[in-house]
Amino acid sequence: MNIGLVDVDGHNYPNLALMKLSAWHKNCGHSVEFANMFGQYDVLYASKIFSWSADDEYCYATRDTKRGGTGYNFNTLPDEIEHACPDYELYHCTSAYGFLTRGCPNKCSWCFVPDKEGDIRPHAEIDEFLDGMKSAVLMDNNVLASDHGIKQIEQIARRGIRVDFNQGLDARLIDAPIAKLLSRVKWLAPLRMACDSLAMLPRVKSAVKLLRAAGVTPQRYFCYVLVTDIDSALVRVESLRAINVDPFAQAFRDKKGTPPTREQKDFCRWVNHKAIFKSIMWEQYV
Ligand code: SF4
């Protein structure tokens, strides 16, 4: 059986679902490759993350196309595929990728997670997808909201596995014991949090204080800043700068994918272009 894979909007960032499908089909003895114009495929899997991404414009020779991913509003794989160890060769990964938990107990109005994934629940043990690697990119939406997630972090710290919580850690859940646990973790990337509203600012400041007091030592602390209203985003960005936390601005898109305004895009460019951000203030940039 010939299997073709199409990563519609991954831009070379490893697509976890495709890696799992690849592993599962290879275990069945099937031939798997990224689809190309010359291939003939019994089944073609197309995966898309963002609903606003354009579909792949090419036509592939196949009898059966299956579309999945949050971009197609279809986000589940059968259990035997969902829990297969990913095929890391597909993207030449040097770190493992996976989820320890799925879902989130919160319901932030702008976020797709509550609708698409539901409440927080255990998903996997780290060994399900580690595959002998020394580092892992963990894509959990709110790992600290789960006892299972915290137990897995304890194991990760004990075994010296280097990690990146690439969706960020919830600052509201970082208290002194969690900061102490995180001080034992080896970091693959900056420690990330989110400051999506003014109400989050004191929570982020308190988390940063606790983390620094506990000696949590990633290279940098990094904070996602959702940009809806520019005045609010500016207060958050400057407050983060003042405590030596790197802001990363993300322009708000509603669930229909309406493009951000020109001002939101300019603001994000100012914040995210570090040479500009360090040299001029927003008022001058405008
Ligand atoms: S805490 Fe994060 S993952 Fe959970 S609903 Fe809010 S934005 Fe989404």
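Values quoted throughout were computed directly from the atomic coordinates according to the rules given, and no laboratory measurement underlies them. Just so it is clear, the model here is predicted, and its values are computed rather than measured. Cβ coordinates were reconstructed from backbone atoms using ideal geometry, including for glycine residues, and neighbour counts include every protein chain displayed.
Per DSSP helix of 4 or more residues, -39500 (n - 2.57); summed, then divided by the residues of the chain. What does that give at 222 nm, rounded to the nearest 500?
So the helix-based figure for the chain works out to -9000 deg cm²/dmol.
Ordered by residue, what ³J(HN,Hα) values in Hz, to whole numbers, does segment 107-118 give under the Karplus form 6.51 cos²θ - 1.76 cosθ + 1.60, where θ = phi - 60° and Gly and Pro are x?
Ordered by residue, 3J(HN,Hα) equals 9, 5, 4, 8, 9, 6, 4, x, 5, 8, 10, x Hz.
Report ³J(HN,Hα) in whole Hz for each residue of segment 221-231, in order, from the Karplus equation J = 6.51 cos²θ - 1.76 cosθ + 1.60 where θ = phi - 60°; Gly and Pro get x.
Running phi through 6.51 cos²θ - 1.76 cosθ + 1.60 with θ = phi - 60° gives 9, 9, 9, 6, 10, 6, 10, 10, 8, 5, 4 Hz.
Would you mind telling me the antiparallel percentage of the DSSP bridges in segment 1-86, rounded to 5?
Counting DSSP beta bridges with both partners in segment 1-86, the antiparallel share is about 5 percent.
Once both axes come from the Cα atoms, what is the angle between helix 262-272 and the longest principal axis of the chain, in degrees from 0 to 90, rounded to 10?
Roughly 80 degrees, rounded to the nearest 10.
Hey, can you grab everything whose amide H is under 5 Å from the amide H of Ala136? Only 5+ residues off in sequence or another chain; H modelled, so Pro and N-termini drop out.
Close amide H contacts, sequence-distant or interchain: Ala96, Arg162, Val163, Asp164.
Expressed as cubic angstrom per residue, what is the convex hull volume of the alpha carbon set of the chain?
Enclosed volume per residue, from the Cα hull, is 140 Å³.
5 Å is the cut-off here: which amide hydrogens, built 1.01 Å from N in the peptide plane, fall below it relative to His123, excluding neighbours closer than 5 in sequence?
Amide H neighbours of His123, under 5 Å, 5+ apart: Thr101, Arg102.
Rounding to the nearest 20 debye, state how big the charge dipole of the chain is about its Cα centre with +1 on each Lys and Arg Cβ and -1 on each Asp and Glu Cβ.
Roughly 1200 debye for the chain.
Looking only at GluC sites (Glu not before Pro) in DSSP loops with at most 15 other Cβ atoms within 10 Å, what is the longest site-free stretch of the chain?
126-286
Gap in Å between the Cα centre of segment 3-58 and the Cα centre of segment 174-196?
That distance is 34 Å.
Give the angle, between 0 and 90 degrees and rounded to the nearest 10, that separates the Cα long axis of helix 16-27 from the longest principal axis of the Cα atoms of the chain.
30 degrees
About the Cα centre of segment 189-286, how large is the charge dipole given +1 on each Lys and Arg Cβ and -1 on each Asp and Glu Cβ? Please answer in debye to the nearest 20.
Here segment 189-286 has a charge dipole of around 380 debye.
Give the angle, between 0 and 90 degrees and rounded to the nearest 10, that separates the Cα long axis of helix 201-214 from the longest principal axis of the Cα atoms of the chain.
90 degrees
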